[in-house]
Amino acid sequence: MSEKNLESILHESRSFPPNAEFTSKARLKAADLEALTREAAADHEAYWARLAREEIDWHTPFTQTLDESNAPNYRWFTDGTLNVSHNCLDVHLEARGDKTAIIFEAENGDSRTLSYRELTAAVCRLANGLRAQGIQSGDRVVLYMPMTPEAVIAMQACARIGAIHSVVFGGFSAKSLRDRIVDAGAKMVITADGGHRGGQIIALKEATDTALSQECETIEHVVVLRCTGRDINMVEGRDLWWSDVIDGQADQCEPEFVNAEHPLFLLYTSGSTGMPKGIQHSSGGYLLNTKLTSKWVFDLNDDDVFWCTADVGWVTGHSYVAYGPLAAGATIVIYEGAPTYPDGGRFWKICQQYGVTIFYTAPTAIRALMRFGDEVPLSYDLSKLRLLGTVGEPINPEAWMWYHRVIGKERCPIVDTWWQTETGAIMMSPIPGVTATKPGSCTRPIPGIAAAIVDEEGERVEAPNQGGYLVIEKPWPSMLRTIWGDNDRYIETYWEKFNNRYYVAGDSAVCDEEGYYRIMGRIDDVLNVSGHRLGTMEVESALVAHELVVEAAVVGQPHEIKGEAIFAYVVPRGARPVGEDAVAMAKVLRDWVGEELGAIAKPDDIRFADNLPKTRSGKIMRRLLRTIAKGEEITQDTSTLENEAILDQLRGEK
Ligand code: WT7
């Protein structure tokens with residue numbers, strides 16, 4: 001990168017104060033937020049120590065808050081012991097044992113609920129069963145499961161006995177599963193006879209068998225949950241039915257009290273190069289931040305019905321399905337199936353049916369659901385909704401406004417939450433009863449999170465609207481502890497750039513006069529066009545603001561004169577134009593972007609496609625698009641692509 005700062009040329013002046021009714025009932029009021037912010041600024045460690053004492057039921061209290069002796073491998077609450085499952089379940093039994101913990105809906109519409117008491121009993125039975133199969137504290141257990149309550153039960157059961165789970169998203173291939181099993185040295189896989197999605201069955205057991213046929217010596221047992229009832233192959237001596245594992249087991253289970261630093265889980269996430277990184281999280285610090293943010297950001301109260309649509313295969317499904325909201329004693333919704341099955345109203349139907357009050361999803365889902373038109377959500381009763389959230393990528397102001405207007409009826413605050421697999425919990429977000437929101441901004445850091453923007457030299461960028469690297473200046477409890485088996489890569493990836501002074505998030509961001517952050521995208525998604533740095537997201541945002549565009553992805557293409565040219569892939573509304581029509585539409589869009597952002601941001605080349613290459617989590621595979629834009633051969637792994645067939649179209653005719 002050159003010395004020049006990133007420049008943001010996206011202007012957004014709309015601001016939405018929280019509505020008075022929401023504020024009057026909110027958990028955190030302006031004065032509370034101010035007090036927390038002041039407390040954190042006055043003494044960072046004392047602040048986290050106080051919260052850790054109040055929020056966590058410790059088995060042995062900690063005496064040391066932060067251990068910096070191995071920085072940047074920070075440790076929190078090191079000499080304290082606790083059990084995460086105890087803190088998510090047992091602590092609620094007296095006051096709300098009969099409260100619904102989980103409402104589950106299957107894709108075929110079947111539903112069931114589990115109270116906190118029932119959930120605890122189920123977790124204990126499985127935990128006892130796992131112990132009986134020889135799983136001990138510190139062992140790795142890979143979960144390759146459909147999005148059912150049993151996925152949460154399995155995670156909690158591992159936590160209960162100190163086993164380290166590593167969830168592999170059910171949409172990943174046998175090869176990805178195998179690589180993760182080997183890297184983690186896992187002893188057991190918990191899977192199912194199949195999962196449901198979009199009317200299809202996902203053959204989880206077959207994929208597991210394939211994975212295990214390729215040198216996975218550490219695996220001793222495979223536990224198989226019956227979900228679909230279809231015929232599968234059970235390997236004698238290795239494979240066990242879930243029902244047999246829990247058969248005869250007691251519904252109480254003494255938790256394994258572990259050190260606060262004991263790894264709770266690994267979760268693999270892709271980096272810019274090489275094998276996915278096994279992000280390692282802790283027990284105490286992780287629990288603290290996920291619980292606190294569940295309460296502060298989602299304003300969870302006892303009568304709320306909270307639905308985070310993320311699969312447990314992603315960190316969001318860990319922090320805001322399996323752990324945070326349960327630690328906060330909430331009722332959560334779990335849905336196994338596609339958002340658009342059997343039609344584009346499914347999410348809204350579920351919200352109506354269970355009286356969802358808080359709804360948390362990803363911008364990609366919002367944009368997909370927008371395509372069905374306003375009539376679809378308008379035909380459902382969404383009056384119980386009181387708070388909306390988004391996560392995963394920058395939300396373009398057009399989608400934000402649609403969410404605000406059509407889903408939130410201009411009444412529900414929107415929390416645009418910035419965080420990462422690595423951060424464990426939400427880092428920046430509006431506090432819904434306090435913070436005025438601006439479309440496309442995740443607003444400010446939550447109290448105790450020391451975010452900043454720095455330039456290429458690592459100096460703070462103090463002037464507003466000057467972009468730079470997003471960094472976190474002080475350690476926080478739920479931060480990743482290391483990359484499993486590769487601490488050098490941990491240091492290299494997150495710390496080395498600025499000599500271990502800060503955690504480097506890998507995102508670029510800008511901050512406005514009011515201290516509101518706007519994420520511009522990953523550092524490697526930044527373009528340098530004629531010496532001007534442009535966030536790819538800004539150009540995309542401009543493109544999707546046009547009525548002819550549903551989705552857009554922008555990448556750089558080496559350019560002799562400009563350094564980089566802007567190459568845009570566009571999914572048009574309606575039929576994909578070809579020939580003359582494509583040329584005409586491209587001109588319209590170039591002019592539009594020119595008007596929105598300035599001539600510098602006009603895409604040099606626009607290619608139309610029916611959809612974009614995405615990972616199964618909905619992230620556009622930009623590296624792939626960059627390769628295509630350069631006209632190079634695709635050498636990267638495309639096995640995690642949702643829609644591999646689209647590659648031909650993207651490579652094809654202009
Ligand atoms: C990356 C982390 C954290 C759960 C889901 C994604 C992007 C995340 C936002 C947001 C703009 C966002 C960042 C970040 N991102 N949230 N609210 N606004 N960008 O987890 O797969 O670890 O991805 O997602 O680029 O670094 P992840």
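The values are calculated or read from the model by the stated rules, or taken from the named source; none is laboratory data. Please read these numbers as outputs of a predicted model, since none were measured by experiment. Backbone-built Cβ (ideal geometry, glycine too); neighbour counts: all protein chains shown. SASA here: full protein model, heavy atoms, side chains in, ligands and nucleic acids out. Shrake-Rupley method; radii C 1.70, N 1.55, O 1.52, S 1.80 Å.
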In the stretch 412-423, residues that are near the ligand (Cβ under 6 Å from one of its atoms), modelled with pLDDT of 95 or more and either in a loop (DSSP other than H, G, I, E, B) or aliphatic (A, V, I, L, M) (or both) total 2
Arg405 - would you say it is open to solvent by 10 Å² or more (accessible area, probe 1.4 Å) and either farther than 30 Å from Asn465 by Cβ or within 15 Å of the ligand (Cβ to nearest atom) (or both)? no
Ile426 - would you say it is modelled with pLDDT of 95 or more and more than 9 Å from the ligand (Cβ to nearest atom)? no
Of the conditions (1) open to solvent by less than 30 Å² (accessible area, probe 1.4 Å); (2) within 16 Å of the ligand (Cβ to nearest atom); (3) within 23 Å of the chain's Cα centre (by Cα); (4) of a type outside the set (Ser, Thr, Tyr), Gly467 satisfies every one except a single condition; which number is it? (3)
The listed residue being more than 14 Å from the ligand (Cβ to nearest atom), over 30 Å from Leu387 (Cα atoms) and open to solvent by 20 Å² or more (accessible area, probe 1.4 Å), out of Trp484, Trp495: Trp484
Would you point out which residue out of Glu642, Glu595 is charged (D, E, K, R) and touching a residue at least 24 places away in the same chain (Cβ under 8 Å)? Glu642
So Glu107 fits all but one of (1) in contact with a Ser or Thr (Cβ under 7 Å, 6 or more places away or on another chain); (2) open to solvent by less than 20 Å² (accessible area, probe 1.4 Å); (3) in contact (Cβ under 8 Å) with a residue 24 or more places away in the chain; what number is the exception? (1)
Scope the stretch 582-610; condition buried (at least 18 other Cβ atoms within 10 Å of the Cβ) and over 17 Å from Glu538 (Cα atoms); matching residues: Ala582, Met585, Ala586, Arg607, Phe608, Ala609
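Inspect all residues belonging to the stretch 267-274 and state whether any of them is within 17 Å of Gln136 (Cα to Cα) and either among the polar types (S, T, N, Q) or at pLDDT 95 or above (or both).
Looking through the stretch 267-274, none of the residues is within 17 Å of Gln136 (Cα to Cα) and either among the polar types (S, T, N, Q) or at pLDDT 95 or above (or both).
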Which ranges mark the helices (runs of 4 or more DSSP H) fully within the stretch 340-405 that have 1 or more residues being within 25 Å of Trp296 (Cα to Cα) and modelled with pLDDT of 90 or more? 346-354, 363-370, 397-402
Qualifying positions in the stretch 431-452 - touching a Phe, Trp or Tyr at 6+ places or on another chain (Cβ under 7 Å) and of a type in the set (Val, Ile, Thr): Ile431, Thr437, Thr443, Ile446, Ile449
Take Gly129 and decide whether it is farther than 19 Å from Gly313 by Cα, in a loop (DSSP other than H, G, I, E, B) and at pLDDT 95 or above. no
Of those in the stretch 602-631 that are within 16 Å of the ligand (Cβ to nearest atom) and part of a strand (DSSP E or B), the residue farthest from His559 (Cα to Cα) is Thr615
Among residues of the stretch 281-314 being within 14 Å of the ligand (Cβ to nearest atom) and open to solvent by 10 Å² or more (accessible area, probe 1.4 Å), the residue farthest from Trp484 (Cα to Cα) is Thr309
For the stretch 251-270, which residues satisfy the criterion of being within 16 Å of the ligand (Cβ to nearest atom) and either crowded, with 23+ Cβ neighbours inside 10 Å or outside any loop (DSSP other than H, G, I, E, B) (or both)? Phe265, Leu266, Leu267, Tyr268, Thr269
Residues that are among the aliphatic types (A, V, I, L, M), part of a helix (DSSP H, G or I) and more than 21 Å from Ser617 (Cα to Cα), drawn from the stretch 143-184: Ile153, Ala154, Ala157, Ala159, Ile161, Val182, Ala184
Residue set Gly317, Gly389, Gly355, Gly324; condition away from the ligand (no atom under 14 Å from the Cβ) and either crowded, with 21+ Cβ neighbours inside 10 Å or touching a residue at least 12 places away in the same chain (Cβ under 8 Å) (or both); output residue Gly355
Quick check: anything in the stretch 429-437 open to solvent by less than 20 Å² (accessible area, probe 1.4 Å), under 25 Å from Pro17 (Cα atoms) and within 11 Å of the ligand (Cβ to nearest atom)? yes
